[in-house]
2 protein chains.
Amino acid sequence: MDFQPIVKSTSAQQVASQLLDMIRRQVWKPGDRLPPERQLIEKLAVGRSTIREALQILATLNIVQSNAGQGTFVKEPRSEEILRSDIIGLLINNAVALELLEARQMIEPQAVRLACLRGTVEQFARIERLLEDHEAALKANLSTREYAREFHVQLAAASHNQVAATMLRSILVLTDERQHRILGAAGFKYRELEEHRQIFELVRARNVEAAADYLLQHIIDSAAVYRLGYESERERDAS
Amino acid sequence: MDFQPIVKSTSAQQVASQLLDMIRRQVWKPGDRLPPERQLIEKLAVGRSTIREALQILATLNIVQSNAGQGTFVKEPRSEEILRSDIIGLLINNAVALELLEARQMIEPQAVRLACLRGTVEQFARIERLLEDHEAALKANLSTREYAREFHVQLAAASHNQVAATMLRSILVLTDERQHRILGAAGFKYRELEEHRQIFELVRARNVEAAADYLLQHIIDSAAVYRLGYESERERDAS
DNA sequence: GCGGTCTTCTGGTCTGACCAGTTTCGCGGT
DNA sequence: ACCGCGAAACTGGTCAGACCAGAAGACCGC
């Protein structure tokens, strides 16, 4: 026979799994408030730090949420919290730029197609506001990187598929980290905003294929500028 | 205009995301030991409880592991461990499952197209071996879940795009738990293996569109069986 | 009844202490 | 010079007690 590895579980983990078990058995339903930490101390006969670390585990797993002054509540599972963009980012962290671009081309056009079909006026209004903020930042000579990225993410979010939107955000964050030095210089920034506007109008008009096509071309174009910038930078470095 | 919800992040969360960022930027690589808690106190100017809760967050996500007396170590990032399907999976509701399926439909057919174009004989040989192991496990009445999942992941990996393969694995890790609970019973498992074989042959023949089409149909079919199973499960619960 | 204040309660944080393992290092014997 | 052993230092795990800021609820005067 083979041996089982000895599991030396901390008290915090034991408390966490015990609480999780009770949540699963519907002792507390979504929306309910858990007993305050100072009560759990007595019932479980452990220190408060142990209780807090146990609750931290459940909070990290998006099973509960703590609010100072109110209490700790059992959460309803929500799709945008199943996947976290920073965690996905960690998994694909060592990817090369080309792979990121390719993955983006797989996801984003499809997401935008769905956005054309499912996007609500509220979501469109939010994106429009984002574009205005983007323009304001551009005119004020502030960084527009966040706005440009968020445009694409919100467009994907309008597909009502948070999984796709989250994965796209992970990709864009990593892409931005690799190329932010390059795109700054040119008058590319104005063209970028203009293209975003065009894409948005096509989506709002629910012009599915035109929007997807235009978007794909937009992605390829910015990548081309990026490669151009990268190569000229390499030449400069080599000299 | 509508307001954005105020995000009040605790110091523990800020510390955690700061540490996560440094791990992602390779300040510490997998296997490395993090500075001891009492040193992080000084560098981050927070109390030890805050440090400990931050590390607890990272430990829950399986990004680091703490060993009493030794220290806290960075772990190799693996989708299966970071996403914790064992716990999160139980909280996935039907709406989330559909989003995951939809995201899968965005990525996998595209990845398989690339696999047809770029897959090497070594990669195909590996997949073939996987299929044989799958069959052996099936005949021995062992769990085939890992094999079925890994087939799809390796197929995507043959696209030479690790980003797509990693994202697909993440999706499958999250859907598997639930799906296999429902699909386990039927004679579906033999049909699944057979379809995997067909897909593989089309890929090896580098028959791009046929492979992508067959794969998409395979995904939709299993989803249909899955939905069927889900609905009968609901009816049973309702009675 | 209503509005405002005061108390109480909640989670968030810090400090300092102790425990039980692990690691490190130096001392003593060979 | 080498080895072995034990003490000391160090690490994460836990507890206790304190204080804070914000939220909730009770109370009181109007």
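Sort B:VAL163, B:VAL153, B:VAL203 so the one with the fewest other Cβ atoms within 10 Å of its own Cβ comes first.
Fewest-to-most ranking of B:VAL163, B:VAL153, B:VAL203: B:VAL153, B:VAL203, B:VAL163.
Chain B: D in µm²/s via Stokes-Einstein (Kirkwood Rh, Cα pairs, 20 °C, 1.002 mPa s)?
Value of D from the Cα-based Kirkwood radius: 105 µm²/s.
For A:PHE188 and B:GLU42, what is the calculated FRET efficiency with R₀ set at 51 Å and r taken between the beta-carbons, to the nearest 0.05?
Working: r = 44 Å, r/R0 = 0.86.
It comes out at approximately 0.70.
Could you give the C-alpha radius of gyration of the protein assembly as shown expressed as a fraction of 2.2 N^0.38 Å, taking N as the number of residues it contains? It would help to have the intermediate numbers written out before the result.
Working: Rg = 24.0 Å, N = 478, 2.2 N^0.38 = 22.9 Å.
For the protein assembly as shown, the normalised Cα radius of gyration comes out at 1.05.
Could you calculate the contour length gain from A:GLU132 to A:THR10, that is, 0.36 nm times the residue separation minus the distance between their Cα atoms, to one decimal place in nm?
Taking 0.36 nm per residue and subtracting the Cα distance, the gain is 38.8 nm.
A:LYS29 to A:LEU98: extension gain in nm, 0.36 nm per residue of separation minus the Cα-Cα distance?
20.3 nm
With a point put 7 Å past each Cα toward its Cβ, work out how far A:ILE220 is from A:VAL208 in nm, to one decimal.
Going by the 7 Å Cα→Cβ label model, 2.2 nm.
Per 0.36 nm of contour for each residue apart, how much would the distance between B:ALA140 and B:GLU201 grow if the chain were fully extended, relative to their Cα-Cα spacing?
19.5 nm
Taking amide hydrogens as modeled 1.01 Å from N in the peptide plane, which residues meet the under 5 Å criterion relative to B:VAL64, leaving out close sequence neighbours?
B:ALA59, B:LYS75
Under 17 Å from the Cα of A:LYS139, which lysines turn up, not counting those fewer than eight places away in the same chain?
By straight Cα distance, A:LYS139 reaches A:LYS189.
Just the number: Rg to Rh for the range A:1-109, Cα atoms, Kirkwood Rh, two decimals.
We get a ratio of 1.13 for the range A:1-109.
Kindly put B:SER159, A:SER79, A:SER17, A:SER143 in sequence by how many other C-beta atoms sit within 10 Å of each C-beta, fewest to most.
A:SER143, A:SER17, A:SER79, B:SER159
Convert each backbone phi in the range A:131-136 into a coupling constant with the Karplus relation 6.51 cos²θ - 1.76 cosθ + 1.60 (shift: θ = phi - 60°), then list the ³J(HN,Hα) values in order as whole Hz, x for Gly and Pro.
5, 5, 4, 4, 5, 4
Any idea how far apart B:SER49 and B:ASN67 come out in nm if each label point goes 7 Å out from Cα toward Cβ?
Here the modelled spin labels are 3.0 nm apart.
Divide the volume of the convex hull of the Cα atoms of the range B:120-203 by its number of residues and quote the answer in cubic angstrom per residue.
Hull volume normalised by residue count: 78 Å³.
How would B:HIS218, A:HIS152 line up from fewest to most surrounding beta-carbon atoms within 10 angstrom?
B:HIS218, A:HIS152
Please give every one of the lysines within straight-line cross-link reach of A:LYS43, meaning a C-alpha to C-alpha distance under 26 Å, and leave out same-chain neighbours fewer than 8 residues apart.
Output for A:LYS43: A:LYS8, A:LYS29, A:LYS75.
Tell me, what ³J(HN,Hα) does each residue in the range A:20-31 have, in order and in whole Hz, if you take phi through Karplus 6.51 cos²θ - 1.76 cosθ + 1.60 with θ = phi - 60° and put x for Gly and Pro?
For the range A:20-31, the Karplus curve yields 4, 4, 5, 5, 5, 7, 6, 4, 10, 9, x, x Hz.
Can you tell me the equivalent ellipsoid semi-axes for the range B:12-60? Use √(5λ) from the Cα gyration tensor, largest first, whole Å.
17, 12, 10
Bin width 10 Å, alpha-carbon pairs only: give the P(r) of the range B:26-86 as whole percents, running from 0 to the bin holding the largest distance.
22, 52, 23, 3
Give me the angle, in degrees from 0 to 90, between the Cα long axis of helix B:94-118 and the longest principal axis of the Cα atoms of chain B, rounded to the nearest 10.
70
In Å, what Rg and Dmax follow from the Cα atoms of the range B:46-121?
Calculated on Cα positions, Rg and Dmax stand at 18.7, 55 Å.
Using amide H atoms built in the peptide plane, which far-off residues or other-chain residues are under 5 Å from B:THR144 H to H?
none
Tell me, what ³J(HN,Hα) does each residue in the range A:212-219 have, in order and in whole Hz, if you take phi through Karplus 6.51 cos²θ - 1.76 cosθ + 1.60 with θ = phi - 60° and put x for Gly and Pro?
So the J values, rounded to whole Hz, are 4, 5, 4, 4, 4, 5, 4, 5.
Taking the Cα atoms of the range B:86-139 alone, what are Rg (to one decimal) and Dmax (as a whole number) in Å?
15.8, 40
Bear in mind these aren't lab numbers, they're just calculated from the coordinates by the rules spelled out. Keep in mind that this is a model prediction, so the values were computed, not measured. Note that each Cβ is placed from the backbone with ideal geometry, even for glycine, and that neighbours are counted across all protein chains shown.
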